[in-house]
1. For residue 75, all conditions in the list (1) within 16 Å of residue 16 (Cα to Cα); (2) in a loop (DSSP other than H, G, I, E, B); (3) at pLDDT 95 or above hold save one; what is the number of the exception?
2. If I ask for residues that are over 16 Å from the mean Cα position of the chain (by Cα) and on the phi > 0 side of the Ramachandran plot, which ones from the stretch 21-48 would you list?
3. Any idea how many residues of the stretch 94-109 are under 17 Å from residue 20 (Cβ atoms), assigned to a helix (DSSP H, G or I) and modelled with pLDDT under 95?
4. Exactly one condition in (1) within 21 Å of residue 96 (Cα to Cα); (2) at pLDDT 95 or above; (3) loosely packed, with under 15 Cβ neighbours inside 10 Å is false for residue 30; which is it?
5. Please indicate, with yes or no, whether at least one residue in the stretch 35-48 is part of a helix (DSSP H, G or I), touching a residue at least 40 places away in the same chain (Cβ under 8 Å), crowded, with 16+ Cβ neighbours inside 10 Å and in contact with a helix residue (DSSP H, G or I) (Cβ under 6 Å, 6 or more places away or on another chain).
6. So which residues in the stretch 1-27 are in a loop (DSSP other than H, G, I, E, B), at pLDDT 95 or above and surrounded by 16 or more Cβ atoms within 10 Å (Cβ to Cβ)?
């Protein structure tokens, strides 16, 4: 990828896919930079560091989970909704282990306040 394509959104999108491939705990700036064919330092124009990247990945994962789980239970109630929720949750956790781990990563209150992902998760549950 060329440097023109480096944006915070592109980095986070690639990072969440990379986390699924290698594990969220193994996600590093070096691994992400390698994916883009740039040096680690090039990433700092778009993200503040590994902690920032991890929080961004966590927020993206939470948003995806909210959307998927919400769609699974839409129009359902009772046992049917619970079963659909559990099936969707299991599918997400096993199919996207990096996203699953990221969704459990602590996120700063400031970042949570900036995002609608948390509210969507609360609405779903």
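1. Here residue 75 clears every test but (1).
2. Scanning the stretch 21-48 gives a single hit, 37.
3. Going through the stretch 94-109 one residue at a time, the tally reaches 1.
4. Unmet for residue 30, out of (1) within 21 Å of residue 96 (Cα to Cα); (2) at pLDDT 95 or above; (3) loosely packed, with under 15 Cβ neighbours inside 10 Å: (1).
5. The answer is no; no qualifying residue exists.
6. Scanning the stretch 1-27 gives a single hit, 27.
The values are calculated or read from the model by the stated rules, or taken from the named source; none is laboratory data. It should be emphasised that the depicted structure is a prediction, and the values quoted were computed from it without experimental measurement. Note: ideal-geometry Cβ built from the backbone for every residue, glycine included; neighbour counts use all protein chains shown.
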